[in-house]
Amino acid sequence: MIIGDRISLRALTVDDATDEYLSWLNDSEVMAGIATSGYTKEKLVDYIKERLSQPKTIFMAIIWKESGMHIG
């Protein structure tokens, strides 16, 4: 975990595959310039599992420290 003044970074988990995270991936403004679309919850969980299975990959969640909310 990496801790800053207002945010922290922690390892992303399958539990982070929330409806809110899914909405970010399916938002054209958020994903502008990134070749991805049409994510479903199942595809998101599979994507996270695939990334976590790669030993040299660091996959982090951005957490707002004040609330503990996953923001990115």
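Diffusion of the chain by Stokes-Einstein, at 20 °C in a medium of 1.002 mPa s and with Rh set to the Kirkwood radius over alpha-carbon pairs, works out to 163 µm²/s. Local charge for Ile63 was computed over the other residues whose Cβ lies under 14 Å away, with Lys and Arg +1 and Asp and Glu -1, and equals -2. I'd like the GluC sites (Glu not before Pro) in the stretch 13-72 restricted to DSSP loop residues with at most 15 other Cβ atoms within 10 Å, sorted by number. Filter output for the stretch 13-72: Glu29, Glu66.
Ignoring the sites themselves, the chain has its longest run without trypsin sites (Lys or Arg not before Pro) in a DSSP loop having at most 11 other Cβ atoms within 10 Å at 7-55.
Fully extending the segment from Glu42 to Asp15, taken as 0.36 nm per residue of separation minus the present Cα-Cα distance, adds 8.5 nm.
Taking the chain as a Gaussian network, where each spring joins two C-alpha atoms under 10 Å apart, which residue of Val30, Val45, Val14 fluctuates the most? Its mean-square fluctuation being the largest, the pick is Val30.
Where a number appears in this text, it was derived from the coordinates with a stated rule and is not lab data. Being a predicted model, the structure only gives us computed values, none of them experimental. FYI the Cβ positions are ideal-geometry reconstructions off the backbone, even for glycines, and counts take in every protein chain you see.
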